[in-house]
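Report on the following structure.
The values are calculated or read from the model by the stated rules, or taken from the named source; none is laboratory data. Predicted model only: the values in this text are computed from it and were never measured. Cβ coordinates were reconstructed from backbone atoms using ideal geometry, including for glycine residues, and neighbour counts include every protein chain displayed. Accessible surface areas use protein heavy atoms only, side chains included; no ligands, DNA or RNA. Shrake-Rupley method; radii C 1.70, N 1.55, O 1.52, S 1.80 Å.
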Amino acid sequence: MIQGSLDSKILFITDFPMVQEMAETVPLASHKKDIIVNAMNRAGVPEYEYAFLSIHSTPPKSYNIKNYTQEEHEAAKLYAKEKINASTASILVPLGDYALEFITGYKSIQKYQCSILTSKTEFKARKTIPLLHPEYINRAFYDSAYISFGAMRIKEELAYPEVRIPERKMLVSLDMSFSEQLDYLNDIVLKSSAPLSIDIETGRGIINTFGVAISPTEAIAIQCDPYDKTPEEFLLLWKTLARVWESPNQKIAQNALFEFQWASKYGIHINNITFDTMWAMKFLHPALDKGLDNVGRLYTKFPYWKDDHSDWNNIRNWRDHLIYNCKDTTGTYAAYENQQKSLEQRGMSKLFNGYVMKFMPLIQEMCSRGLLLDEDKLAQLISENDHATETRYESFKRECVAQLGREVNPRSPKQMKQMFKDLKIDIPIKKGKETTDKSALVKLRRKYPKQMIIADLIDISKLNKERSSYLGFTYDRDKRIRYSLDGVGTSTGRWAGYNDPFGNGFNPQTVPKKIRNCIVAEKGKILVQVDLQQAESRYVAFEAPEPKLMEMLANKQDVHKYVASRIFKKP
């Protein structure tokens, strides 16, 4: 099934027609085609430049592609191959998984979408740029951004027929003598006037690989564990790596804080981190994933590479491992250059580079210094929590015996369900299944306010969460709680907090007041808490402007209660 001319420059290839396609006798129904057309229009590609082809001309049973027979698969692919090879298209665009594998042999459109690939030789080894299928976009419309990125990439790639993936010079320590590795770091890396893209690989509790790129096309990856070096060589190597990290050279990285926190375990401070591609991704596209796979997909011309290595804790192929690290550092470098262009085009460069990235040294200091802990206060809180939990368990057991004549294990979903059934209490439904989680218990508490069994269970749940989530954190031997902070962690641009890379600490932004009391000021310092409450409402109030809202905020009134009262017409 074809729509458009086979003499077009671009050929979109889909899998099979659905109900709407059969009714319109086209490869893509109008509402799906419009997703592609709108994106191509925004990219500046007119509709006469492309055509659509469906591999299968009739749908499978139940519209499940697995229901085609082998003969139907072969016949459809033979037909599609003839049409594709008869076309003059310089760019093939598979839509979805089925078309991607048919055209390139690769699997997983989620990974390879927007990449610049080469088709199988049977399709004349043509330039191929896969995209998500519009049917998928209809179910997850925020992913339409990827169609827009793909359309812009197609526009750029129309300028020349051949695949132009930048060639990279990837140096790996396996191919270099020890002195050559040091010479490269001292004479090339440290003397570079351009920013350095840094990356490490870790496994079994150590840094095993140090990587640095001096451009999007040149990088070195060095095996830096102690296993193939003399003690003198190991010490000399790490002194050199420290010089690179501590040098005044500008540093760029994907999630730079990860490198920083690992380096700090070795007593090394990474200086002058001036750009983080993960932060930039979240800043430019708050709703999209910020991992390097997605950053690389949208901001480099390197094909998807994040599956090229996986033996992190048991490296069996060091060459693949080191080359993978080179791909990371050069990919990060290429993304940095293109993200800078995007920031400038959108008028956001000054805000990101001059404001957001200025928080990096502050975050580095906060995460490395950590919070000083009063161990005695923490021990007391743990003891109080354990005592309160045991008290509530005893109360729960007494109530069960009094009302049911037996004890019930609150950790057993089966016993809990039977308990509620015997008490003639309907269990709340969540996602089609019965549940006795905390939110369900709160609902039951409202319905049965005098039922002590429910009250006990809610308190037990709260105490257990407090014990596991807040009191159960680990910290370092210097009695400091360390953590991680992301300077552009949320879709609204707020910071986000996590454990540190080693599983220690907690999210410092959500620490209950009880736990904050265990944190003490260092000698000669005081602790200050600054909290601008209802920040979003304040922004809306003064940007609108809205006098009523401004007045409520000034008087510290609860805006949410006021809004709810107006919606539900309650006092």
Task: Kirkwood hydrodynamic radius of segment 40-100, from inverse mean 1/r over distinct Cα pairs, in Å - done: 13.4 Å
- [ ] Post the alpha-carbon centroid distance, segment 230-279 to segment 3-67, in whole angstrom.
- [x] 49 Å
Task: Filtered trypsin sites (Lys or Arg not before Pro), segment 226-334: DSSP coil and at most 11 other beta carbons within 10 Å - done: 316
Open item on the list: Please list, by residue number, every one of the trypsin sites (Lys or Arg not before Pro) in segment 358-467 that is coil in DSSP and has at most 15 other beta-carbon atoms within 10 Å.
Closed with: 406, 411, 424, 431, 450
- [ ] Compute the length gained on full extension between residue 478 and residue 404: take 0.36 nm times their separation in residues and subtract their Cα-Cα distance, giving the result in nm to one decimal.
- [x] 21.5 nm
Task: Pair residue 494, residue 560: separation of 7 Å Cα→Cβ label points (nm) - done: 1.1 nm
- [ ] Only loop residues by DSSP count here, and only those with at most 15 other Cβ atoms within 10 Å; note down the chymotrypsin sites (Phe, Trp or Tyr not before Pro) in segment 136-166 that meet that.
- [x] none
Task: the chain: relative contact order as a whole-number percent, Cα under 8 Å and 6+ apart - done: 10 percent
Task: Amide proton proximity set for residue 126, modelled H, under 5 Å, gap of 5+ - done: 119
- [ ] Of the listed pairs 282/327; 77/433; 239/525; 66/306; 127/169, which have alpha-carbon separations greater than 31 Å here?
- [x] 77/433; 239/525
TODO: Collect residues whose amide H, placed 1.01 Å from N in the peptide plane, falls under 5 Å from the amide H of residue 254; neighbours closer than 5 in sequence don't count.
DONE: 277
Open item on the list: Tell me which of 236, 145, 275 sits at the most positive position along the dipole axis of segment 144-293, charges placed on C-beta atoms (Lys, Arg +1; Asp, Glu -1).
Closed with: 145
Task: Residues residue 239 and residue 421, FRET efficiency given R0 of 56 Å [Cβ-Cβ distance, rounded to 0.05] - done: 0.25
Task: Charge dipole magnitude, Cβ of K and R +1, D and E -1 - the chain, Cα centre, debye nearest 20 - done: 2480 debye
Task: Using a Förster distance of 41 Å, the FRET efficiency for residue 164-residue 72 (Cβ separation, nearest 0.05) - done: 0.60
- [ ] For an R0 of 45 angstrom, estimate the FRET efficiency from the Cβ-Cβ distance between residue 202 and residue 536 and round to the nearest 0.05.
- [x] 0.75
TODO: Can you tell me the alpha carbon radius of gyration of the chain divided by the globular rule-of-thumb value 2.2 N^0.38 Å?
DONE: 1.20
- [ ] Go through 571, 255, 370 and say which Cα lies farthest out towards the positive end of the charge dipole of the chain; charges sit on Cβ, +1 for Lys and Arg, -1 for Asp and Glu.
- [x] 571
TODO: Answer rounded, prolate or oblate for segment 150-235, using the Cα gyration tensor with square roots of eigenvalues a ≥ b ≥ c: rounded when a/c is under 1.5, else prolate when a/b is larger than b/c, else oblate.
DONE: prolate
Task: Derived scalar couplings ³J(HN,Hα) [segment 174-181; Karplus, 6.51 cos²θ - 1.76 cosθ + 1.60; whole Hz; x for Gly, Pro] - done: 4, 9, 10, 6, 4, 5, 5, 4
TODO: Would you mind telling me the share, in percent, of accessible area of the chain contributed by carbon and sulfur at probe 1.4 angstrom?
DONE: 52 percent
TODO: Would you mind getting the accessible area per residue of the chain, heavy atoms of the protein chains only, 1.4 Å probe, in Å²?
DONE: 52 Å²
Open item on the list: Probe radius 1.4 Å, ligands and nucleic acids left out: which of 193, 368 has the largest accessible area, and how do the rest follow?
Closed with: 193, 368
Open item on the list: If Rh is defined by the Kirkwood formula over all Cα pairs and Rg also comes from Cα, what ratio Rg/Rh do you get for segment 253-348?
Closed with: 1.00
TODO: Please report, in debye to the nearest 20, how large the charge dipole of segment 403-533 is about its Cα centre when each Lys and Arg carries +1 at its beta carbon and each Asp and Glu carries -1 there.
DONE: 420 debye
Open item on the list: Positive end of the dipole of the chain, charges at C-beta (+1 Lys, Arg; -1 Asp, Glu), about the Cα centre: which of 519, 389, 357 has its Cα farthest in that direction?
Closed with: 389
Task: Distance between modelled label sites at residue 517 and residue 247, nm, 7 Å Cα→Cβ extension - done: 5.2 nm
- [ ] Tell me the label-point distance for the pair residue 311, residue 156, using the 7 Å Cα-to-Cβ offset, in nm and rounded to one decimal.
- [x] 3.4 nm
Task: Cα-centre dipole for segment 32-165 with unit charges at Cβ (Lys and Arg positive, Asp and Glu negative), debye to 20 - done: 180 debye
